[in-house]
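**Q** Sharing a structure below in structure tokens format, with a few things to ask.
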Amino acid sequence: MAAMIAHRTPLLTLIAALWLGLAHPALADDPIAQVRSLPHASLLARERGQDRIAYQPEVARIPASTMKLLTAYAALETWGRDHRFHTDIFQDDSGWLWVKGSADPYLVSEELDRLVAALKGQGIRQVAGIGLDDSLFDPDVEIAGRSTSNNPYDAPVTALAANFNTLNLIREGERLRSAEPQTPLTATGERLGRAGAAGKQRINLREREIALRYFGELLAAKLRTAGIDVGDQQRIAPTPSRARLVLSHANSRTLAEMVAPMLDYSNNFIANALFLRLAVPDGQGRISMVQAKRAMTDFAQRRFGWTGFKIDDGAGLSRANRLSARQLVDLLDAFAPYRDLMPRQGGDPHVRAKTGTLRGISSYAGYVQRGGVWEPFALLIEQPVDYDLRRRVASQLAR
């Protein structure tokens, strides 16, 4: 019986919402009034530093992906907009090339092309094997809220990763190919792709060892394309102490140029890679998830004086995260210098905000422009509602 009631709850909520709209026509035309009729919702909007609309703003709720705003702010304040992540390449006496990951979250195929061109420019012509060093992160790192699905948003987070630890493939009958001309199909891609369905596949690399093996395969393919002879062997291990540094590759993207798409596409991999890396900003030592949670909690307490909140991951995947609407608006006040990195709401140029979505959770936090001034707002809803309600609320706030 309990299972039946739980199954029917979203339907009952929808029926109730429809009834409210019919019984109270004003609610259907007034999204802010609709939010104020919801028992499990919070809304706070400020104007010139004062609360303009405040509905249950102190209640700590599940922020979903609006948690990425805190991760982005901490990263930008720690390293600066123009920071570039480095990936160090070493070579040992036996001719092995060692790649030491420093949690650069944007080592995409095009960036690996630049890295390989720089290696060739350093005179590298032969590589006996490829060593993969992801020792910056504890090997047992597990992201709270991450599931075991094949979806890209569930990709594992490793200190050394290519293409956000995801694959973009197309399977047509028995033919399998990469959906990206800049990304050759490797043995790991072939194996995972043939286990998947026909058509276009966007899947993740599932586990740390698979992700690192794929990185080595992709790097080897690009080295060979550049005319560099590469042995077939790979090894996952710390870089040998006697290996010499041959290249410190700076990503072509600045931190700001990583944060903007992270917020726009709600990229969980980038967010949690930054979240972990922030635990040890100088990149020295081994980072655990416990350290990362403690470091971000300390940052929020120190910067904002918050109490009664909880941080369980940096992307908002975990349902154990808790922030209030007031805390999000405090964050947005501080985030104002980086407002240009916020996503734009389609169809409304007067809204720049980040969405957050989990089952039964709908959140939205950002800025609305009124009278030429950008003002912060935060909306947190912990019950099923119309998917577009949050955008209608923001547009009404702007008007």
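**Q** Hey, can you tell me all the residues within the range 147-183 that are part of a loop (DSSP other than H, G, I, E, B) and surrounded by fewer than 17 Cβ atoms within 10 Å (Cβ to Cβ)? Give the steps one after another, and end with the answer.
**A** Kept after step one, since they are part of a loop (DSSP other than H, G, I, E, B), are these residues of the range 147-183: 147-151, 155-162, 173-174, 179-183.
Once the filter is applied, which keeps residues that are part of a loop (DSSP other than H, G, I, E, B) and surrounded by fewer than 17 Cβ atoms within 10 Å (Cβ to Cβ), the range 147-183 yields Ser147, Thr148, Ser149, Asn151, Gly173, Glu174, Ala179, Glu180, Pro181, Gln182.
**Q** Could you give me the residue pairs with C-beta distances under 7 Å whose first residue belongs to the range 157-171 and is within 17 Å of Ala315 (Cβ to Cβ), whose second residue is surrounded by fewer than 23 Cβ atoms within 10 Å (Cβ to Cβ) and among the basic types (Lys, Arg) wherever it lies, and which are 6+ apart or on separate chains?
**A** Within 7 Å, the pairs are Thr158/Arg208; Thr166/Arg202.
**Q** Could you say whether any residue in the range 276-287 is farther than 14 Å from Ser102 by Cβ and surrounded by 14 or more Cβ atoms within 10 Å (Cβ to Cβ)?
**A** Applying the first criterion (farther than 14 Å from Ser102 by Cβ) to the range 276-287 yields none.
So far as the range 276-287 goes, no, none of its residues is farther than 14 Å from Ser102 by Cβ and surrounded by 14 or more Cβ atoms within 10 Å (Cβ to Cβ).
**Q** Identify the single condition in (1) surrounded by 21 or more Cβ atoms within 10 Å (Cβ to Cβ); (2) in the same structural domain as Arg125 (by TED's automatic domain parsing); (3) assigned to a helix (DSSP H, G or I) that His249 does not satisfy, given that it satisfies every other one.
**A** With (1) surrounded by 21 or more Cβ atoms within 10 Å (Cβ to Cβ); (2) in the same structural domain as Arg125 (by TED's automatic domain parsing); (3) assigned to a helix (DSSP H, G or I) applied to His249, the lone miss is (3).
**Q** Pro376 - would you say it is in a strand (DSSP E or B) and either acidic (Asp, Glu) or over 20 Å from the mean Cα position of the chain (by Cα) (or both)?
**A** Numbers: in a strand (DSSP E or B): yes; either acidic (Asp, Glu) or over 20 Å from the mean Cα position of the chain (by Cα) (or both): yes.
When the stated conditions are applied, Pro376 passes them.
**Q** If you take the residues of the range 37-77 that are under 21 Å from Thr357 (Cβ atoms) and of a type in the set (Lys, Arg), which of them is nearest to the chain's Cα centre (by Cα)?
**A** So the residue we want is Lys68.
**Q** Please tell me if Ala211 is assigned to a loop (DSSP other than H, G, I, E, B), assigned by TED's automatic domain parsing to the domain that holds Ser135 and under 25 Å from Leu317 (Cβ atoms). Let's see the steps before the verdict.
**A** On the way: assigned to a loop (DSSP other than H, G, I, E, B): no; assigned by TED's automatic domain parsing to the domain that holds Ser135: yes; under 25 Å from Leu317 (Cβ atoms): yes.
No.
**Q** Surrounded by fewer than 24 Cβ atoms within 10 Å (Cβ to Cβ), out of contact with any Phe, Trp or Tyr (no Cβ under 6 Å at 6 or more places or on another chain) and β-branched (Val, Ile, Thr) - does that describe any residue in the range 374-384? Even if it seems obvious, please write down each step before you answer.
**A** If we filter the range 374-384 for residues that are surrounded by fewer than 24 Cβ atoms within 10 Å (Cβ to Cβ), which is where we start, we get 374-375, 382-384.
From what is left, the residues that are out of contact with any Phe, Trp or Tyr (no Cβ under 6 Å at 6 or more places or on another chain) are 375, 382-384.
From what's left, β-branched (Val, Ile, Thr): none.
No: zero hits.
**Q** Another question, if that's okay. Among the residues of the range 219-240 satisfying the criterion of being under 32 Å from the mean Cα position of the chain (by Cα) and of a type in the set (A, V, I, L, M, F, W, C), which is surrounded by the most Cβ atoms within 10 Å (Cβ to Cβ)?
**A** The extreme case among them is Leu219.
**Q** Across the range 1-59, what is the number of residues that are among the hydrophobic types (A, V, I, L, M, F, W, C), farther than 19 Å from Asp386 by Cβ and at pLDDT 95 or above?
**A** Just the residues of the range 1-59 that are among the hydrophobic types (A, V, I, L, M, F, W, C), to begin with: 1-6, 11-12, 14-20, 22-23, 26-28, 32-33, 35, 38, 41, 43-45, 53-54, 59.
Right, trim to farther than 19 Å from Asp386 by Cβ and you get 1-6, 44-45, 53-54, 59.
Filter once more, keeping what is at pLDDT 95 or above: 44-45, 53-54, 59.
Total satisfying the criteria: 5.
Residue-by-condition table, conditions (1) among the hydrophobic types (A, V, I, L, M, F, W, C); (2) within 25 Å of Pro343 (Cβ to Cβ):
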position	(1), (2)
Phe164	yes, yes
Leu185	yes, no
Lys200	no, yes
Ala211	yes, no
Ile236	yes, no
Thr239	no, no
Ser248	no, no
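**Q** Considering every residue within the range 304-319, establish whether at least one is under 16 Å from Tyr265 (Cα atoms) and at pLDDT below 95.
**A** Here is the first cut: in the range 304-319, the residues under 16 Å from Tyr265 (Cα atoms) are 314-317.
Narrowing the set further to residues that are at pLDDT below 95 leaves none.
No: zero hits.
**Q** Further question: Restrict the check to the range 243-258 and report whether at least one residue is farther than 30 Å from Leu76 by Cβ and either free of Cβ contacts under 8 Å to residues at least 60 places away in the same chain or among the basic types (Lys, Arg) (or both). I'd like the intermediate steps shown before the answer.
**A** We begin by selecting, within the range 243-258, every residue farther than 30 Å from Leu76 by Cβ; these are 243-244, 246.
Of the ones still in play, those that are also either free of Cβ contacts under 8 Å to residues at least 60 places away in the same chain or among the basic types (Lys, Arg) (or both) are 244.
The answer is yes; a qualifying residue exists.
**Q** Ok, one more. Of a type outside the set (Asp, Glu), in a loop (DSSP other than H, G, I, E, B) and closer than 25 Å to Arg146 by Cα - does that describe any residue in the range 322-331?
**A** Step one: list which residues in the range 322-331 are of a type outside the set (Asp, Glu), which gives 322-329, 331.
Within this subset, residues satisfying the condition of being in a loop (DSSP other than H, G, I, E, B) are 324.
Next, only the ones that are closer than 25 Å to Arg146 by Cα stay: 324.
Within the range 322-331, one or more residues are of a type outside the set (Asp, Glu), in a loop (DSSP other than H, G, I, E, B) and closer than 25 Å to Arg146 by Cα.
The values are calculated or read from the model by the stated rules, or taken from the named source; none is laboratory data. Just so you know, these numbers come straight off a predicted model, no measurement behind them. Reconstructed Cβ throughout: ideal geometry from the backbone, glycine too, with neighbour counts over all protein chains shown.
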